[in-house]
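Below: the structure, in structure tokens.
The values are calculated or read from the model by the stated rules, or taken from the named source; none is laboratory data. It should be emphasised that the depicted structure is a prediction, and the values quoted were computed from it without experimental measurement. Reconstructed Cβ throughout: ideal geometry from the backbone, glycine too, with neighbour counts over all protein chains shown.
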Amino acid sequence: MDAQSYFVPFEENGKCDWAFYDWPGGILTGINEFHVISTAKWGQGKLLRVWRRETELQNTDKHQWEERHLLLENDEYRWVKLEKDVHNEVRLSKYAWADGEISEPEPMKLKPGMRWGKPGSEVTGVSNVKIDERSWKCLKVASVSQKLEVLAEWYVAENGRTVFFRRYNAPGWKGSASGSSFESLAGNIDIEYKGITYRHWYDCIPDFTFEMD
């Protein structure tokens with residue numbers, strides 16, 4: 001139902017804001033806002049135009065605006081880039097994140113034991129997630145970056161919405177002097193995933209988890 005680790009629902013006018021809480025301390029440090037402003041048919045799939053704004057709360061004058069596009073096709077979704085060719089026709093190309101990694105297709109239908117992508121994402125099991133007074137039975141997804149420096153976990157509820165996201169860093173993620181380095185996060189939760197130790201950095205919680213039924 002949504003872009004999983006990016007929370008926004010796959011629908012016209014779909015919206016989701018989510019908060020970043022850094023550890024130690026669970027300090028609110030940022031807000032991400034995503035809004036699907038239009039959808040269009042693209043081949044056998046659907047193309048979503050998404051506006052994004054990120055605000056750092058330590059510096060409220062600093063806003064990052066960006067337009068992104070999502071392609072939904074064959075029960076998969078992926079971030080894409082729109083470009084015009086020499087004939088002024090719009091073409092899709094691969095979207096690259098800030099660190100240079102290319103966005104790869106993600107499955108929209110999940111089940112325990114599924115694996116996809118390189119170096120790899122997988123549904124590792126079922127977890128119960130409780131936020132405030134609400135709780136969800138979720139599939140837990142684990143995903144590592146290409147250089148194995150980052151581990152992400154997100155939790156997809158039975159209704160198809162992603163309700164929680166957690167980020168860990170391994171040794172080698174930025175220099176030791178960085179506030180997000182493995183060394184700087186000493187005292188936070190350590191977990192081992194496929195032989196590598198990762199240390200908890202931040203959590204993300206979307207706005208709708210606080211809305212009452």
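Values as computed for the structure displayed
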item: Scan of the stretch 30-78 for residues that are outside any strand (DSSP E or B) and among the β-branched types (V, I, T), ordered by number; result: T60
item: Conditions (1) closer than 20 Å to G26 by Cβ; (2) modelled with pLDDT under 95; number of the one not met by Y95; result: (1)
item: Count of the stretch 20-66 residues which are among the acidic types (D, E), touching a residue at least 24 places away in the same chain (Cβ under 8 Å) and out of contact with any His (no Cβ under 8 Å at 6 or more places or on another chain); result: 2
item: For P112: the one exception among (1) in a loop (DSSP other than H, G, I, E, B); (2) within 17 Å of V144 (Cα to Cα); result: (2)
item: The stretch 141-159, residues that are assigned to a loop (DSSP other than H, G, I, E, B), in contact with a Leu (Cβ under 9 Å, 6 or more places away or on another chain) and surrounded by 14 or more Cβ atoms within 10 Å (Cβ to Cβ); result: S145
item: Residue within the stretch 80-95 that is within 16 Å of the chain's Cα centre (by Cα), closer than 27 Å to K140 by Cα and part of a loop (DSSP other than H, G, I, E, B) present; result: yes
item: Qualifying residue in the stretch 182-193 (condition: out of contact with any Asp or Glu (no Cβ under 7 Å at 6 or more places or on another chain), in contact (Cβ under 8 Å) with a residue 40 or more places away in the chain, farther than 21 Å from E33 by Cβ and not in a loop (DSSP other than H, G, I, E, B)); result: yes
item: Conditions (1) under 29 Å from K46 (Cβ atoms); (2) surrounded by fewer than 17 Cβ atoms within 10 Å (Cβ to Cβ); (3) not small (G, A, S): number failed by M108; result: (2)
item: Criterion (under 19 Å from Y168 (Cα atoms) and in contact (Cβ under 8 Å) with a residue 40 or more places away in the chain) met by exactly one of E106, E101, E122; result: E101
